[in-house]
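Here is the structure we will look at.
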Protein chains: 2
Amino acid sequence: MAQTVTPPRGMRDFLPAEKARREHALSVIRGVYAAHGFDEIETPVMEDSSRLHAGLGGDNEKLAFAVMKRGLTPDDLAAAAESGDALSLADLGLRYDLTVPLARFYATHRAALPPVFRAIQIAPVWRAERPQKGRYRQFVQCDIDIIGDAGPLAELELLTATVAALDALGLEGCRIRLNDRRILAGILGSWGVPDDLRERALITIDKLDKIGPDGVSAELATLGIDRPGVADELRQLANADWHLGDRGSSRAEPGVPPAWLDLEAFHDLVALRDALPGTPVDFDPTLVRGMGYYTGTIFEIAHPDHGYSLGGGGRYDHMIGRFLGHEVPACGFSIGFERIVDLLAVGDEGQPRSVVLVHDRDVAPGELLTLKHELVASGMRVRFERRVKNLRALLDRVTADGFDAWAPVTAETTDAASLEFRDLAA
Amino acid sequence: MAQTVTPPRGMRDFLPAEKARREHALSVIRGVYAAHGFDEIETPVMEDSSRLHAGLGGDNEKLAFAVMKRGLTPDDLAAAAESGDALSLADLGLRYDLTVPLARFYATHRAALPPVFRAIQIAPVWRAERPQKGRYRQFVQCDIDIIGDAGPLAELELLTATVAALDALGLEGCRIRLNDRRILAGILGSWGVPDDLRERALITIDKLDKIGPDGVSAELATLGIDRPGVADELRQLANADWHLGDRGSSRAEPGVPPAWLDLEAFHDLVALRDALPGTPVDFDPTLVRGMGYYTGTIFEIAHPDHGYSLGGGGRYDHMIGRFLGHEVPACGFSIGFERIVDLLAVGDEGQPRSVVLVHDRDVAPGELLTLKHELVASGMRVRFERRVKNLRALLDRVTADGFDAWAPVTAETTDAASLEFRDLAA
């Protein structure tokens, strides 16, 4: 029964070196978030199908993997064939994000949670996307959310914790792009865009990076938004130096059009920036974020070497109410773990990540295990090999096995500090 | 849109205290297994449906959650209605164990793995069982497997690591029940049971604990196995003192019938026991284990307070070959994490698990965060509360939030060692 054996399309196995690297990065993120006062929770990977398809997931709903009802009868199948509705055969689905499950979790357990609830969720989600480089059908998200705080302290806590996590991972050069849905609403209002077109107009503006001001202007025109000067305004939005200006000087900031100064949302962003000294935050009035549920601040992690965002989030004050029956303010920030971990491919702080310890015959096994435990706890993948005459052949083999470095261990050098790592040629 | 909001049937949310307790226990198990030389891997939660239903999963195959193909057409639905085969609409399924995915993983990555591969898998599995106390539809298994070693060193490593993990968790009183499928085959052979009835006879013998020797004998008779004296032999098997006897004395062991002494498998078990001084191992010739793929040693974790097993495993030498095309010896041990973690409900080593730190106003935030980080890293759930006049009301509230203990923090007591924890009344 030999056969081609691979994981399902678009999904990945993780071998020991990669698994250790991922778990180490996750433990760094988890540790920072816990230190920042967030508490980790977990929900099942599946939610009721009706909940996943309630309109809160945007385009992701179409990408949900559906789980079939058990014990389907021929009559059930015939009814589905009749209606053409395949989803009628599913009662569950795999979550496509961690936000819909969090809203459901909060509604379920409201009475047992503190008034301001700071949640960590570090878990896989699934989307049946067309597989392509850097896109997977199973991938991990790292979310923090604050429920029950109308802001701006919630935004500050989320931004501070996220930047601290990126720092702890050793990921340099990240910047936070910041905007507010109310500012976008102000722009659309100034163009006279009617309410029922705003969502589609935002989706179009979101393409500014890709199709440029003229492309966006043309697409808006097809929606009936053909006010003259839109392309010029978009060009101004996209190209102007929209940094918020010197701390405390926003009212006098020359790059800011006078109309902004009347917007409460703009002043909220300035206050946010002023409360984050040393944090790389940029105001970007063209930032949209795809999800329809955002109601206020929105943010994204940008990295100079990459055109895509490394994570993002925002305020979604009406969503919890969909499950709970009354409104509760909420704000969240999600790190796109797969993209982050790819950027960490080179060992952090120059320390090798997967090492072979080539030990002499006379080193006590107990001392080797203690040493291994210590190195493993620091995030390394460790393998022992007994020293052999043909050391070159041994090192070639472990290089092929994906190890980064090796160190000799003698009876005199059994503590981690005295190990001397040597690079293995790639 | 207020509605009843619960997780899907038979699945659970984990609130912060429970999540922290679980993650702490998992990190203990992970640490012990890594220290014992095993390497963690990960596979996707889904496998191809045909692979999950290839006959290797036993009864669990019937319990697999099926994932529907995307883009099903009315014609597809009509064809399924015609054939009555609902599974024809599924191309993927959620794994029901970690053994089938491991066999597939090994076949996929054989060339990149060492000759003897020691794998850790700590991950959820899904079974659509009827929900009942202690049984869930999503639950975590902790598996270690050794592929490429024909034994008995593999068995020794698995048993040693598993017992070490149970010890590290502070779970006292566990014993390992040990048997070998070849011994069971010997018993069936002595009864003249034909090959095609052996699997069903084993399933019947597996019920010995529940229906007793007479019940098993009666059920065997319905299979056509009605040799006189079967019930008496079963009674002898079930009641005799089957401990393997004093170390090194197996040949003279009075409780062992002379026929055993000719069985190679029996001597293998004695050698195994003799190599595990201080490990609580019992020989139990009536131990069957449900899965059809076991070929040699089988083991289970028993606890005196519980009728059910806390985990188990065994040797499955033919399974990898199903995917690979040639045979590779393999042996594994799986801890039933949900049952273990329930037994750990009381804090290990008397240390409280979820604590509130009631701090004075003048304690520096940086010191509090350092303290929290240290306590969180040790597996605790930690919340800060500033000291208020009505301390009783504060403590009542955090007790209701599920915290176990509290400690005052003053500017003089900001290191973990100087904290004095006080129990919170339940």
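Step by step: first the residues of segment A:90-139, then only those that are small (Gly, Ala, Ser) and farther than 30 Å from B:Asp396 by Cα, then the one that is surrounded by the fewest Cβ atoms within 10 Å (Cβ to Cβ). Which residue is that?
Checking each candidate, the answer is A:Gly134.
Restricting to segment B:132-185, name every residue that is of a type in the set (D, E, K, R) and under 14 Å from B:Val341 (Cα atoms).
B:Arg135, B:Asp167, B:Glu172
Does segment A:107-115 contain at least one residue that is modelled with pLDDT of 95 or more and of a type in the set (A, V, I, L, M)?
no
Quick check on my filter: what residues within segment B:300-311 are buried (at least 23 other Cβ atoms within 10 Å of the Cβ) and among the small types (Gly, Ala, Ser)?
Matches in segment B:300-311: B:Gly311 only.
Being aliphatic (A, V, I, L, M) and closer than 21 Å to B:Lys62 by Cα is the filter; apply it to segment B:116-157 and report the residue that is nearest to the chain's Cα centre (by Cα).
Per the stated criteria, the residue is B:Val140.
Output the residue which, of all residues in segment A:406-426 that are surrounded by 11 or more Cβ atoms within 10 Å (Cβ to Cβ) and farther than 17 Å from A:Leu368 by Cβ, is nearest to the chain's Cα centre (by Cα).
Here the answer is A:Leu424.
With (1) under 30 Å from the mean Cα position of the chain (by Cα); (2) aliphatic (A, V, I, L, M); (3) at pLDDT 75 or above as the list, and A:Val376 as the residue in question, which single condition is left unmet?
Unmet for A:Val376, out of (1) under 30 Å from the mean Cα position of the chain (by Cα); (2) aliphatic (A, V, I, L, M); (3) at pLDDT 75 or above: (3).
Within segment B:401-426, track down each residue that is at pLDDT 80 or above, within 21 Å of A:Pro114 (Cβ to Cβ) and part of a loop (DSSP other than H, G, I, E, B).
B:Phe403, B:Asp404, B:Phe421, B:Leu424
Taking the conditions exactly as written (over 18 Å from the mean Cα position of the chain (by Cα) and of a type outside the set (S, T, N, Q)), does A:Val67 satisfy them or not?
Answer is yes for this residue.
Taking segment B:83-142, which residues are assigned to a helix (DSSP H, G or I), facing chain A (nearest Cβ under 8 Å) and free of Cβ contacts under 8 Å to residues at least 24 places away in the same chain?
Once the filter is applied, which keeps residues that are assigned to a helix (DSSP H, G or I), facing chain A (nearest Cβ under 8 Å) and free of Cβ contacts under 8 Å to residues at least 24 places away in the same chain, segment B:83-142 yields B:Ala86, B:Leu89, B:Thr108, B:His109, B:Ala112.
Can you tell me which residue among A:Thr73, A:Thr43 is β-branched (Val, Ile, Thr) and without any contact (Cβ under 8 Å) to a residue 24 or more places away in the chain? Lay out the reasoning, then the answer.
Details: A:Thr43 fails: without any contact (Cβ under 8 Å) to a residue 24 or more places away in the chain.
Matching residue, one of A:Thr73, A:Thr43: A:Thr73.
Does segment A:341-371 hold any residues that are modelled with pLDDT under 75 and of a type in the set (Val, Ile, Thr), and which are they?
Correct list: A:Val346, A:Thr370.
Which one is nearest to A:Gly290 (Cα to Cα), of the residues in segment A:195-234 that are among the basic types (Lys, Arg) and out of contact with any Gly (no Cβ under 8 Å at 6 or more places or on another chain)?
Here the answer is A:Arg200.
Of all residues in segment A:325-341, which are under 16 Å from A:Thr295 (Cβ atoms) and surrounded by fewer than 22 Cβ atoms within 10 Å (Cβ to Cβ)?
A:His326, A:Glu327, A:Val328, A:Pro329
So is A:Thr73 at the interface with another protein chain (Cβ under 7 Å from one of its Cβ atoms), of a type in the set (Ser, Thr, Tyr) and more than 30 Å from B:Arg21 (Cα to Cα) or not?
Taking the combined requirement at face value, the residue does not satisfy it.
What number of residues in segment B:172-213 are surrounded by fewer than 19 Cβ atoms within 10 Å (Cβ to Cβ), in contact (Cβ under 8 Å) with a residue 60 or more places away in the chain and under 18 Å from the mean Cα position of the chain (by Cα)?
So the count comes out to 2.
I'd like to check something: does segment B:391-399 contain any residue that is within 28 Å of A:Ala111 (Cα to Cα) and at pLDDT below 80? Before you say what the answer is, go through the steps one by one.
Our first condition is that a residue be within 28 Å of A:Ala111 (Cα to Cα); within segment B:391-399, this holds for B:391-399.
If we keep only those that are at pLDDT below 80 too, we end up with none.
No: zero hits.
Hey, can you tell me all the residues within segment A:8-47 that are touching a helix residue (DSSP H, G or I) at 6+ places or on another chain (Cβ under 7 Å), at the interface with chain B (Cβ under 7 Å from one of its Cβ atoms) and in a loop (DSSP other than H, G, I, E, B)?
A:Asp13, A:Leu15, A:Ile41, A:Thr43
For the condition more than 21 Å from A:Ile146 (Cβ to Cβ) and either of a type in the set (Gly, Ala, Ser) or away from every other protein chain (no Cβ under 14 Å) (or both), what is the one hit in A:Thr286, A:Thr279?
On the way: A:Thr279 fails: more than 21 Å from A:Ile146 (Cβ to Cβ).
So the residue among A:Thr286, A:Thr279 that is more than 21 Å from A:Ile146 (Cβ to Cβ) and either of a type in the set (Gly, Ala, Ser) or away from every other protein chain (no Cβ under 14 Å) (or both) is A:Thr286.
List the pairs whose first member sits in segment B:383-396 and is farther than 14 Å from B:Asp360 by Cβ, whose second member is modelled with pLDDT under 90 and of a type in the set (Val, Ile, Thr), and whose Cβ atoms are under 9 Å apart, counting only residues at least 6 apart or on separate chains?
Pairs that qualify, where the first residue is farther than 14 Å from B:Asp360 by Cβ and the partner is modelled with pLDDT under 90 and of a type in the set (Val, Ile, Thr), are B:Arg383/B:Val355; B:Arg383/B:Val356; B:Arg383/B:Val398; B:Leu395/B:Val356.
Pick out, from segment A:173-237, the helices (runs of 4 or more DSSP H) lying fully within it that include 1 or more residues that are over 28 Å from A:Asp274 (Cα atoms) and either outside the structural domain of A:Tyr293 (by TED's automatic domain parsing) or of a type in the set (Gly, Ala, Ser) (or both).
Here the list reads A:195-205, A:208-222.
Exactly one of (1) in a helix (DSSP H, G or I); (2) assigned by TED's automatic domain parsing to the domain that holds B:Arg181; (3) modelled with pLDDT under 90 is unmet by B:Glu338. Its number?
(3)
Is segment A:127-141 home to any residue that is out of contact with any Pro (no Cβ under 6 Å at 6 or more places or on another chain), closer than 26 Å to A:Glu327 by Cα and not aliphatic (A, V, I, L, M)?
Yes; the residues of segment A:127-141 include at least one that is out of contact with any Pro (no Cβ under 6 Å at 6 or more places or on another chain), closer than 26 Å to A:Glu327 by Cα and not aliphatic (A, V, I, L, M).
Is one or more of the residues making up segment A:49-64 facing chain B (nearest Cβ under 7 Å), surrounded by 16 or more Cβ atoms within 10 Å (Cβ to Cβ) and not in a helix (DSSP H, G or I)?
The initial filter retains those residues of segment A:49-64 that are facing chain B (nearest Cβ under 7 Å), namely none.
No - not one qualifying residue is present in segment A:49-64.
May I ask you to say which residue of A:Arg289, A:Arg273 is surrounded by 18 or more Cβ atoms within 10 Å (Cβ to Cβ) and modelled with pLDDT under 85?
A:Arg273
The values are calculated or read from the model by the stated rules, or taken from the named source; none is laboratory data. All values reported here derive from a predicted model rather than from experimental measurement. So basically every Cβ, Gly included, is an ideal-geometry build from the backbone, and we count neighbours across all protein chains shown.
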